[in-house]
Amino acid sequence: MQIPQSLSTGPIGDVVAEATGREARHDPVLPGTGGPAGNAVLTAWTGIVLLVLGVAELLTLFDVRGLISWHVAVGALLVPPALLKTGSTGWRLARYYLGHRPYVTAGPPVLLLRLLGPLVVISTLGLLGTGVVLILLGEETGRSELFTVLGFRIDWITLHQGAFAVWAGATGLHLLARMVPAIRLTFAQRRGRRVPGGPSRAVALGVALVLAAVLAVLLVNVGGSGVRDRFRPGQYEH
């Protein structure tokens, strides 16, 4: 199938080329951690973990009242991997803009993904952060007015819902652009291309998952003080 001319040139064409695998960044491989190539692999694996957990979280929305404990638990599981992915991408950007040669050689993401990135990060952290706050505060306090905007009453639940709307759109576009490259860096790695630093990446991801499990237990059984009691049916919906 031929790609339309309007989607094959310019900034949109760059995104389409990378999203479909026709073009890819050439990340230098360095000893030790793997350098830019190692960073890309860690980011890709973390993204796959976030995708699986994100789909599970979205499934709880079909019956968020009946599955509120699962909604909270999976949401808590998302926090450490999200922070890890934010850290890995932030590290890459910092090294690039500070002029570290291997990262400069690899280059930045294509323009539109560079512009979309901050929105993905802010909406993700906003969604997860407001969710944690809601669990710790409880339903009554979570519905207390924080401020008004153009006559609309804003509380913590409103902020959580707003963050979800922005996150769904931004992350959906990000996923379309990054899914194929992530799969190529993880499940479809080229034979004979070994990127150093595998054990350290496995440890980083493993620690994030352990912390995720601990946070989930704490929020459901301690911080939530009985999630079902604090968020009564009909009171907590996206």
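Here are the numbers:
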quantity: Among Leu134, Leu77, Leu30: highest mean-square fluctuation, GNM of the chain, C-alpha pairs under 10 Å; calculated: Leu30
quantity: The stretch 100-126 and the stretch 156-213: distance between their alpha carbon centers, rounded to Å; calculated: 14
quantity: Per-residue [θ]222 nm for the chain (sum of -39500 (n - 2.57) over DSSP H runs n ≥ 4, rounded to 500); calculated: -22500 deg cm²/dmol
quantity: Residue exposure sequence - His100, His71, His160, His26 - by fewest surrounding Cβ within 10 Å; calculated: His26, His100, His160, His71
quantity: Distant-in-sequence amide H partners of Asp155 (H built 1.01 Å from N, under 5 Å); calculated: Leu146
quantity: Range of Cα positions in the chain per principal axis (Å), largest first; calculated: 54, 43, 37
quantity: Dipole of the chain, positive end: most advanced residue of Val207, Leu159, Ala40 [Cβ charges, Cα centre]; calculated: Ala40
quantity: Candidates per trypsin sites (Lys or Arg not before Pro) in the stretch 90-196, loop by DSSP, up to 12 other Cβ within 10 Å; calculated: Arg190, Arg191, Arg193, Arg194
quantity: Residues whose placed amide H lies under 5 Å from that of Leu30, excluding near-sequence neighbours; calculated: Gly35, Ala37, Gly38
quantity: Loop-resident sites, the stretch 93-194, for chymotrypsin sites (Phe, Trp or Tyr not before Pro), counting at most 10 other Cβ within 10 Å (DSSP); calculated: Phe187
quantity: Most mobile listed residue (Val72, Val29, Val55) in the chain, GNM with C-alpha springs under 10 Å; calculated: Val55
quantity: Mean Kyte hydropathy of -0.5 or more with a Cα span along the axis of at least 15 Å, helices from DSSP in the chain; calculated: 35-60, 68-97, 111-137, 156-186, 198-218
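Readers should treat all values here as calculations from the given coordinates under stated rules, not as data from a laboratory. These numbers come from a predicted model, not from an experiment. With ideal geometry, Cβ positions are generated from the backbone for all residues, glycine too; neighbour counts draw on all protein chains shown.
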